[in-house]
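> Quick one: the structure is below, and I'll ask about it shortly.
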Amino acid sequence: MMDLVCGLARRAAALDRVTALHCALGEAEWPGTVELAELHARRYGMRFEVRSRPQSLLAQVEARHVALGEGQILLLGPASSRTLALTA
């Protein structure tokens, strides 16, 4: 995907307006993932930024589970392709 976006941006002389954004997942992320994402962005000549939340992805899922209560349905993923999981 990055190759396609950068190719289109170069043809439009707009690569300077494209930023690669990595949303860090905390403890759920493999070591070195941020560095690899930055390496890819730099290879294509893109700006690179990292965003994260105070809680890790796993902590966010756990907090949502507690907020929903037992026996509720937990929707995971973007609205276009949600996965259902019953909380127990």
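Read-outs: derived from the displayed coordinates by stated rules, not from any lab. All values derive from a computational prediction rather than experimental measurement. As a convention, Cβ positions derive from the backbone with ideal geometry for all residues, glycine included, and neighbour counts pool all protein chains shown.
> Stretched out fully, how many nm does the piece from residue 65 to residue 40 gain, at 0.36 nm a residue minus the Cα gap?
Result for the pair: 5.5 nm of gain on full extension.
> Would you mind counting up the charge near residue 16? Only other residues with Cβ under 15 Å from its Cβ, with Lys and Arg at +1 and Asp and Glu at -1.
That sum, taken over residues with Cβ under 15 Å, equals +4.
> What is the sum of charges, Lys and Arg at +1 and Asp and Glu at -1, for the other residues whose Cβ falls under 14 Å from the Cβ of residue 6?
In short, +4.
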